[in-house]
Amino acid sequence: MTKRTNKEQQLINYLLNKRNYIPSKEIADAIHSSPKTVYRLIKKINAGSSGGKLISSRRGIGYRLRYTNYLSQNMNLTEESLGELTSVERRYHILRQLLVTSPEKHKIQDIFGSFYISESVVSSDIRIIRQMIQKYHLVLHRRSDYLWVTGNEKDIRTVINELLIGDDDISIGHFLKSNDNIHQTDASFITRQINLIESQLNSTIPYPYDVNLFSHLYILVERYHRVGSLVSNSDDTEDGLKRAEKESPQIIRALRQVINNISNYLHTEIPRSEIFNLYQYLNSSRLEGKNTDHRHEIGTVNAKEMAVTRVLINEVAATHRLQINREALYSSLVKRMKPLLNRLANGIRIKNSLLEQIKLECPALFESVSQVSQEFKLPTIDEDESGFITVYFAQAIEQMQRTINTVIVCTTGLGTAQLLKTKISNRFPELNIIQTTAVTDLSETITQEKAIQLIISTLKLPKVNDIPVLICSALFSEEDQDRLSKLISKIKSEY
Amino acid sequence: MKIQVDWERYKTNEQQELLYQFGKSQQLSGIITDTGRFIHEIVQREQLASTIVASNLAIPHVRSSNVLHFRIEVVKLTTPLKDWEGYQGIDRLIFTLVPLKMSICDQQECKQFFLNLGRQEVLNLFSHGSQKDLKDYLREKR
């Protein structure tokens, strides 16, 4: 990593304190430069950074720091470099250390000593970290000169997960580029376990579920490395495991093998409850069969999942008066509802790397999704999940906008109209030809078919409400095709 | 079968004469009631918009009370027409005669015929295919 200028560091520091994409104008104002300079600085920063771009950009939206890359580039922190961290970086560094070793107690001097900061800054950091972890039901303790974090193991792992997995493009491969040799070994081991699960179930675990599962196992291994066993076999997990063994024996066999491998890897006995925890993660994911024509899901969709999906679709469609194919949307969305509800029930979060883009492009749809959680008394669907659901609606809308409901008219409705129907369907698949009709029956057709968006006729017609009409020859010449193409573009732009 | 092939039966290259001969033949067969009305309605339709679908093929059609029974006749001329509504080179025509009321079967047959005609290979067959090829095709589609 090349040494940075003051301006470059100012830019990075500004982005460090931001979560979303920031427009170049805002960055320029913050560092007293021009947007052109911002562009030039970012280009230089990215060129000089090893292990991937430091700052990602989205056209029309802005720039964002890829925090995980930033951290990994600064992983081999020397005493000297520790002192150069911003306050945000410092707090993340400290929190990570406390979480991974929780509930171990650390001397405050040992944690903060490398940062060369005053007592008041230490107190301020402690106060801020305490606030940060409060929402996860974790407690930061300070007694005498010691600092430590306590809380439910599940919550601890959740927060580590959030710190570990950034919002940028993430993949399992990213973890394998770690500079730390021990971590790299762990990461390779865990990848092999995920491959084992996939091969045992003859399925693949797609993004982002693979990243989620990876991070769960990675954190499990890290916690057992540092602290040892922190979960016990409770009655609830035993019951849950028995049920899972009955419902999904093949999956439990595969997961049992994985936990066994981890036990051998760590030279320590891993409790059976970890099998159940892993099962919950897998149950909150989607599996895809190796045969692309066959999708393999865990379990079948139950009545609640079907009801939630129906209500979701009806509520959102009614709120926005969406003209969508509800059945097609239901078919695709209901399959995702089971893992989603499992995730909500088990407090498992999945990062949505497209969240900001989704919020920007479909803000109203995004807001509507939360209604379902209120109606069904579900835990609040978080932004990441709302984002995933919004994409389904956006795709359904786009699908409908792609097709223009068309009627073809000729003298009889049986001859030229049919011939044109074939030619037009081949050339313009975005036209949904709902009817071919005789010119004498056109008024009745318009009355019956409310959603006509285009009429193509071989004969001149009187004005037909506000429906666009194209007159073309039976030959459907190139000129006819050209005019139709232009008309289609015009119609689409209006919708 | 409601779809017939007339191969070089009509020895004229004049539009009006062709329509007269064809109309007469249909009247004698009981397909239409009046040849004069038939000619008028076919020409009127052609003037509204051309039914030429290939360089040498037109699909003139009429739907009226003058038509008693559904019929499709594929006509191949010995020599191309001198003039078909201002266009030269037409030597094949597919006449479609549609009564005001049509059975569901006839409607389906008619629709399917023209749906297939929209495919390029079928259009090529009707524009340039031999008599045998045409008859084989129609037999196959029956």
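The values are calculated or read from the model by the stated rules, or taken from the named source; none is laboratory data. Given the structure is predicted, the values throughout are model-derived calculations rather than measurements. Positions of Cβ are backbone-derived with ideal geometry, glycine not excepted, and every protein chain shown enters the neighbour counts. SASA here: full protein model, heavy atoms, side chains in, ligands and nucleic acids out. Shrake-Rupley method; radii C 1.70, N 1.55, O 1.52, S 1.80 Å.
General remarks:
- The condition (being among the small types (Gly, Ala, Ser) and open to solvent by 30 Å² or more (accessible area, probe 1.4 Å)) is satisfied by just one residue among A:SER477, A:SER457, A:SER386: A:SER477.
- Test for A:LEU459: is it within 14 Å of another protein chain (Cβ to nearest Cβ) and within 46 Å of the chain's Cα centre (by Cα): no
- Residue satisfying all of: in the range A:25-39; among the hydroxyl-bearing types (Ser, Thr, Tyr) and not in a loop (DSSP other than H, G, I, E, B); nearest to A:ASN6 (Cα to Cα) among these: A:THR37
- Residue match in the range B:30-37 (condition: part of a strand (DSSP E or B) and more than 9 Å from every other protein chain (Cβ to nearest Cβ)): yes
- Qualifying residues in the range A:390-444 (those that are within 43 Å of the chain's Cα centre (by Cα) and more than 22 Å from A:ILE491 (Cα to Cα)) - the one farthest from the other protein chains (Cβ to nearest Cβ): A:THR390
- Boolean, A:LYS18 is open to solvent by 70 Å² or more (accessible area, probe 1.4 Å) and modelled with pLDDT of 85 or more: no
- Criterion: polar (S, T, N, Q), touching a strand residue (DSSP E or B) at 6+ places or on another chain (Cβ under 9 Å) and open to solvent by less than 10 Å² (accessible area, probe 1.4 Å) - qualifying residue of B:SER25, B:SER127, B:SER50: B:SER127
- Residues of the range A:129-145 satisfying the condition of being open to solvent by less than 50 Å² (accessible area, probe 1.4 Å) and among the β-branched types (Val, Ile, Thr): A:ILE129, A:ILE133
- Residue count for the range A:480-495, restricted to those that are farther than 14 Å from A:THR406 by Cα, modelled with pLDDT of 90 or more and open to solvent by 30 Å² or more (accessible area, probe 1.4 Å): 4
- Summed over the range A:146-158, the residues that are at pLDDT 90 or above and open to solvent by 10 Å² or more (accessible area, probe 1.4 Å) give a count of 4.
- Flag for B:THR79 being among the polar types (S, T, N, Q) and buried (at least 22 other Cβ atoms within 10 Å of the Cβ): no
Per-residue answers, yes or no, for (1) among the charged types (D, E, K, R); (2) over 19 Å from A:SER87 (Cα atoms); (3) open to solvent by 80 Å² or more (accessible area, probe 1.4 Å); (4) out of contact with any helix residue (DSSP H, G or I) (no Cβ under 6 Å at 6 or more places or on another chain):
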| site | (1), (2), (3), (4) |
| --- | --- |
| A:ILE12 | no, no, no, yes |
| A:ILE22 | no, yes, no, yes |
| A:LYS25 | yes, yes, yes, no |
| A:ALA28 | no, yes, no, no |
| A:LYS36 | yes, yes, yes, yes |
| A:LYS43 | yes, yes, yes, yes |
| A:ALA47 | no, yes, yes, yes |
| A:LYS53 | yes, yes, yes, no |
| A:SER57 | no, yes, no, yes |
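- Filter pass, A:GLU269 being under 17 Å from A:VAL221 (Cβ atoms), outside any helix (DSSP H, G or I) and either out of contact with any Phe, Trp or Tyr (no Cβ under 6 Å at 6 or more places or on another chain) or at pLDDT below 75 (or both): yes
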